[in-house]
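Shown next, in C-alpha cells, is the structure this report addresses.
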Amino acid sequence: MSRGNLEPEKEPVKNGTPPKIIAFLCNWCSYVGADMAGTTRLKQPEGVEVILVPCTGRMDPLFPMKALVEGAEGVLVSGCHPGECHHQDGNLYARRRLEVLKGFLPFMGFEEERFSYTWISASEGKKWQQVVTKFTERIKSLNGKKD
Amino acid sequence: MRIGLFVCHCGNNIASTVDVKKVVQAGLKLPYVVFATDVDYVCSAPSQKNIEEAIQEKNLNRVVIAACSPHVHEETFRRVLKRAGLNPYLLQVANIREQCSWIHDNVIFATIKAIDLVKMAVAKVSHHEPLVAPKVGVEKRALVIGGGIAGIQAALDIAEGNIPVTLVEREPTIGGAMAKLDKAFPTLDCAACILTPKMAEVNQHENIELMVYSEIEDVKGYVGNFEVKIRKKASYVDYEKCVGCGICEQKCPSKASSKFNLGRGDGKAIYISFPQAVPKVATISPKHCIYFQRQKCRVCEKLCPADAVDFKMQDEIVTERFGAIVTATGYSLFDYSQYGEYGGGRYPDVMSGLQYERFLSPTGPSKGEIKRPSDGKKPETIVFVACVGSRDEAKGRPYCSAVCCMYTAKQAILTKEHLPESQIYVFYIDIRATGKLYEEFVRRAQEEYGVQYVRGRVSKIYTDNGKLKVRGADTLLGEPVEVDADLVVLATGFGASKGASTLAKKLGISHDSYGFFTESHPKLKPVETNTRGVFLAGACQSPKDIPATVAQASGVASKVLGALSKDQIETSPLVAAVDARRCIGCFQCLGVCPYKAIEEVALNNGAKIAEIIPTLCQGCGLCVATCNPGVISLNGFTDNQLISEVEAIVKG
C-alpha cells in the first residue's frame, strides 16, 4: 500500500486506524447532506469514503459486494427518503435489491452488520454525522470480535 | 492517457487539515498522472488560466481537481476544460473540503483520506469518455405557482421581460397573505393600497394568464420542456360571466365562517373573498351550500343577473407546457391550538396575529373596530405574546420566524392608534429587528406609544371572571408577572404552506424537515433548486418579510428570463444508452424508467430492442441496475467507473 510513508509515526493516534468504510451516496439528497455536514464542520470518522451515484436506483448489489470482497470493512448506501426520491422511486427499487443483498452476505462469509442502507435528506447533515459515527462504531466492534 | 492533477489549498480551509504537498506527491505516483501541482485557490481567475495553460503545455487529456464539493465548482472547471480545447466531461472532482478537511481534525488521517479520494478520482477519470451535451428546444413560457406577493412580483417581472406567464393560485383570488394585512411595517403603509394595484396589473397584463381556484396536478419533463397538468377546481360560478356584483352573497341564506378572515367573522356559502379580490368573482363552497347539502335553495342562481351560477360544473384538467417553473407557495401560520397552556384555541379572545390583523382591517369582520370576539366590548388591556410556534424546540419549531417581532410592534402601534387609552404588554424572548428602519420602529412602539415590553415567556393563560389571566415571568426583574387582559394576541410563527411536501414531490425538489423548500445553495443560489428549471420565491423557502420576498421574487424573474432567453438548452450528456447489438428485448427497463425515456424499436431483421431517448433520460441509472444482460450503461457512472473507484479505495 502506497500509504506507507504516511502511516502514523510521530503524532500520537488515539484509537488506531479508523476502519475503511465505503459509502455510496445519491447525488440529490445524501451527498448534499454529507456536504452540509462538512459546511457545518460536523466531525466524523476518517475512514468513511464517499462514492457519488446519480440515484440509489443505480446501485447494483455487485458494488457493495465487490467492496467487501476487495477488503472494505463496511459498506453504507444512502439515498433520499422513501417517497422523496429525486427520480421518483429509484430508492424503493434500491431498497428491495439491497434488502436481498443483506440476506445474502452471511452466505458469502460476511457479517450482515457490515452492510447498511439509510435515507438522509439534503438538510440532514447532523443525521449523516450520527449515521457514520454509529456505523463506524459498529464496524469497530465487529473487528474487535474477530481478533 | 495524460492526467493532470490540481490540489487546492482553499486558503487554509483545506490546507489546515490536509497536507496538500503530500497529496501532490502521492498523486504523481498514480498511473497516467503526468502532472500534479498544488494551487492556493483553484477556482480563482489566475488559477483557472494556469490550468488552461497546463492542459495545453503538458498536453493533458484528463483533469482531476481536488478541491471543494463537485456541487460547488464542477461546472466552473468544466468551462475551464472547454476553454482549453478539451471535452468538458473529461474532468473529475475529488471532494477534499466538505467531505474531508472540514470534518476531520487529525492531519495524518485527513491526508490519507484526501489521497484516497484523489486515487478514486484518478481511477475514475481514466475511464471517462468525451461526451457531447444534447440540445433541446425551449418552451418560452413560465409557470408561477402561488399568487401571493411573491408570485405576483415574479409574474409581473417575467411578463415585463416579454415571456408569457401563467399564474396559478389555489384560492379564488390572488393576493395571498399580504391581502389580509391592514398595514405593513415599518412604514405603516396600507397593505391593500400597495398590493391591489399590482393585483390589478396582473389581471390586465397581456403576458399573464391568471388561473385562480386551480392546483397543480402533475408535473413531467425537464428544464425548457415541462408538461404540467393543472386542475381547475369547480367553483360552480362561471368566472367568465361573473361580474362580481355580490348580490348572490348578500342573498345567500347559508351560514359559514369567513375563510378570508381566518374563521373570525361570518361568511356565506357563495362568497367573494374581499372587496378588492382579483378576479372579483364569486365562488361556492359546497360544504356550506344549502343546495349541495339538501338539494334545495338555488337562490343565487335565480338572482344572478349574469346567469353565471352553474351547479353542474366539474373539475377540469388542462395540460400546458412551460420552460421554467417558479414556486411561490408561501407559508401557513402555526396552529396555536397546540399550545394547551394558552387555552388550546378554546378562548375566543385569544387569537393569532393574522386573525387580529383582520380585526384591525377596515374590510375585516368588525370593519376595523377592535372588539372582543366574546362580548363585543372594547378591550382595555391587550397582551401580545411573541414566539408562539417559533424558537420552541418542544413544539418542533426551533427556528425564528423572522417577522413576528416586527408585526407585533406594528400591531401594538396600530392598537394604540385605535384605542389610545388601552394598556399594551408585549411578552418577548429577544427583539429581532434587523431590517432597514426596523429597530427604530420597535423603539417607537416602546417610547412614543408607551407599549410595555416584558422580557419573558408566558407560562399560562386562563379565564377568571371574564378576564384572561396571563401569567409569565419578567426575566429582567427576575419576578413573576400576572396581567389581567381583555384580549391576547399570539404572534404565531411561520410553517410551510399546506401541501408543500406534496408539491415538492410533483416538482422533484426537496424540502427541509419543516417543509420549507431547499434552495440549491444557501448563499449563492438562493432562488434555484436542485432541479434545473424550478425556482423558489418568498416564504416557501424560509420565513421572510415582504421586502425580502419581493427582492427574491424579482431575483427569480431574472433567473427565469435568463433560462428562457436561449432558443436551445443543453441537457446533461450523463444519460444512459443501450448497446443495440447485445439487447435481448426483454423490456424490463421500459417498465422501471420514471421518465418514459425508453422505447421499443424494431431492427431490420424484425427483432425488437430497447432504445433510450437521450433528451428525455435524466440519468438516474435505474434501467442500468435493472438490465439483466447488463447491456445498458450510464455515461459518467458506468460499472467500470464505479468499480474502479471501489478498487482505488480498498486496494490502494
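Quick one: A:Lys43 ticks every box in (1) over 26 Å from B:Thr638 (Cα atoms); (2) within 8 Å of chain B (Cβ to nearest Cβ); (3) at pLDDT below 95 bar one, so which box is it?
The number of the failed condition is (3).
From B:Thr638, B:Thr549, grab the single residue that is of a type in the set (Ser, Thr, Tyr) and either farther than 26 Å from B:Phe517 by Cβ or in contact with a strand residue (DSSP E or B) (Cβ under 8 Å, 6 or more places away or on another chain) (or both).
B:Thr638
I'm trying to understand the selection: among the residues of the stretch B:497-511, which are in contact with a Phe, Trp or Tyr (Cβ under 8 Å, 6 or more places away or on another chain), assigned to a helix (DSSP H, G or I) and free of Cβ contacts under 8 Å to residues at least 40 places away in the same chain?
Once the filter is applied, which keeps residues that are in contact with a Phe, Trp or Tyr (Cβ under 8 Å, 6 or more places away or on another chain), assigned to a helix (DSSP H, G or I) and free of Cβ contacts under 8 Å to residues at least 40 places away in the same chain, the stretch B:497-511 yields only B:Ala504.
Any residue that is more than 30 Å from B:Gln153 (Cβ to Cβ) and of a type in the set (Asp, Glu) - is there at least one of those in the stretch B:584-602?
Among the residues of the stretch B:584-602, at least one is more than 30 Å from B:Gln153 (Cβ to Cβ) and of a type in the set (Asp, Glu), which makes the answer yes.
Just one of B:Pro379, B:Pro365, B:Pro373 is over 24 Å from B:Glu482 (Cβ atoms), surrounded by 15 or more Cβ atoms within 10 Å (Cβ to Cβ) and not basic (Lys, Arg); which is it? Before you say what the answer is, go through the steps one by one.
Numbers: B:Pro379 fails: over 24 Å from B:Glu482 (Cβ atoms); B:Pro373 fails: over 24 Å from B:Glu482 (Cβ atoms).
One residue alone meets the criteria, B:Pro365.
Which strands (runs of 3 or more DSSP E) does the stretch B:542-644 wholly contain that include 1 or more residues that are more than 14 Å from chain A (Cβ to nearest Cβ)?
B:568-570, B:576-578, B:598-602, B:608-612
Would you be able to say whether some residue in the stretch B:481-496 is free of Cβ contacts under 8 Å to residues at least 40 places away in the same chain and over 12 Å from the mean Cα position of the chain (by Cα)?
Step one: filter the stretch B:481-496 for residues free of Cβ contacts under 8 Å to residues at least 40 places away in the same chain, giving B:481-482.
Retained after the next criterion (residues that are over 12 Å from the mean Cα position of the chain (by Cα)): B:481-482.
Yes; the residues of the stretch B:481-496 include at least one that is free of Cβ contacts under 8 Å to residues at least 40 places away in the same chain and over 12 Å from the mean Cα position of the chain (by Cα).
Just to be sure before I move on: is A:Lys20 touching a His at 6+ places or on another chain (Cβ under 8 Å), of a type in the set (D, E, K, R) and either at pLDDT below 90 or within 29 Å of B:Gln25 (Cα to Cα) (or both) in the structure I sent? Show your work before the answer.
Details: touching a His at 6+ places or on another chain (Cβ under 8 Å): no; of a type in the set (D, E, K, R): yes; either at pLDDT below 90 or within 29 Å of B:Gln25 (Cα to Cα) (or both): yes.
Spelling it out, it is not the case that A:Lys20 is touching a His at 6+ places or on another chain (Cβ under 8 Å), of a type in the set (D, E, K, R) and either at pLDDT below 90 or within 29 Å of B:Gln25 (Cα to Cα) (or both).
State which residue pairs qualify: first residue aliphatic (A, V, I, L, M) and inside the stretch B:557-568, second residue assigned to a helix (DSSP H, G or I) in any location, beta carbons under 6 Å apart, and separation of 6 or more residues or different chains.
Cβ pairs passing all conditions: B:Ala557/B:Ala154; B:Ala557/B:Asp157; B:Ala557/B:Ile158; B:Val560/B:Ile158.
Search the stretch A:59-86 for residues being in contact with a strand residue (DSSP E or B) (Cβ under 9 Å, 6 or more places away or on another chain) and at the interface with another protein chain (Cβ under 7 Å from one of its Cβ atoms), and hand back the single one that is nearest to A:Pro45 (Cα to Cα).
Within the stretch A:59-86, the match that is nearest to A:Pro45 (Cα to Cα) is A:Ala72.
Out of everything in the stretch B:509-533 that is over 19 Å from B:Leu564 (Cβ atoms) and small (Gly, Ala, Ser), what residue ends up being surrounded by the most Cβ atoms within 10 Å (Cβ to Cβ)?
B:Ser510
Residue pairs, Cβ under 6 Å, 6 or more apart or interchain, first in the stretch B:59-74 and closer than 14 Å to B:Gly27 by Cα, second part of a strand (DSSP E or B) and among the aromatic types (Phe, Trp, Tyr). List them.
B:Ile65/B:Phe6
Taking the criterion of being farther than 29 Å from B:Asn635 by Cβ, surrounded by fewer than 19 Cβ atoms within 10 Å (Cβ to Cβ) and out of contact with any Pro (no Cβ under 9 Å at 6 or more places or on another chain), would at least one residue in the stretch B:142-151 satisfy it?
no
Does any residue of the stretch B:351-361 turn out to be over 16 Å from B:Lys183 (Cα atoms) and part of a loop (DSSP other than H, G, I, E, B)?
Within the stretch B:351-361, not a single residue is over 16 Å from B:Lys183 (Cα atoms) and part of a loop (DSSP other than H, G, I, E, B).
Can you tell me which condition B:Val646 does not meet? The list is (1) free of Cβ contacts under 8 Å to residues at least 24 places away in the same chain; (2) closer than 14 Å to B:Gly585 by Cβ, and all the others hold.
(2)
Please go through the stretch A:74-90 and give me each residue that is modelled with pLDDT under 95 and either assigned to a loop (DSSP other than H, G, I, E, B) or under 12 Å from A:Ser30 (Cα atoms) (or both), ordered by number. Walk me through how you get there before you give the answer.
Taking the stretch A:74-90 as the starting set, the residues that turn out to be modelled with pLDDT under 95 are A:80-90.
Within the stretch A:74-90, A:Cys80, A:His81, A:Pro82, A:Gly83, A:Glu84, A:Cys85, A:His86, A:His87, A:Asp89 qualify.
Just give me the residues in the stretch A:21-40 being surrounded by fewer than 23 Cβ atoms within 10 Å (Cβ to Cβ), within 8 Å of chain B (Cβ to nearest Cβ) and part of a loop (DSSP other than H, G, I, E, B), in sequence order.
Correct list: empty.
So B:Ala282 passes all but one of these: (1) at pLDDT 95 or above; (2) touching a Leu at 6+ places or on another chain (Cβ under 8 Å). Which condition number does it fail?
(2)
Among B:Ile158, B:Ile152, B:Ile115, which is of a type outside the set (Asp, Glu), modelled with pLDDT of 95 or more and in the same structural domain as B:Pro31 (by TED's automatic domain parsing)?
B:Ile115
Is it the case that some residue within the stretch B:95-107 is of a type in the set (Lys, Arg) and at pLDDT below 95?
No, the conditions are met nowhere in the stretch B:95-107.
Determine, yes or no, whether A:Glu99 is away from chain B (no Cβ under 13 Å), over 14 Å from the mean Cα position of the chain (by Cα) and either surrounded by fewer than 21 Cβ atoms within 10 Å (Cβ to Cβ) or touching a residue at least 40 places away in the same chain (Cβ under 8 Å) (or both).
yes
Take B:Asn465 and tell me if it is of a type in the set (S, T, N, Q) and assigned by TED's automatic domain parsing to the domain that holds B:Tyr342. Before you say what the answer is, go through the steps one by one.
On the way: of a type in the set (S, T, N, Q): yes; assigned by TED's automatic domain parsing to the domain that holds B:Tyr342: yes.
Criteria met by B:Asn465.
For the stretch B:180-197, which positions are more than 20 Å from B:Ser366 (Cα to Cα) and in a strand (DSSP E or B)?
Correct list: B:Asp189 only.
The values are calculated or read from the model by the stated rules, or taken from the named source; none is laboratory data. Everything numeric here is computed off the predicted structure, so don't read it as measured data. A quick note on method: Cβ atoms are made from the backbone with ideal geometry, for glycine too, and the neighbour counts reach across all protein chains shown.
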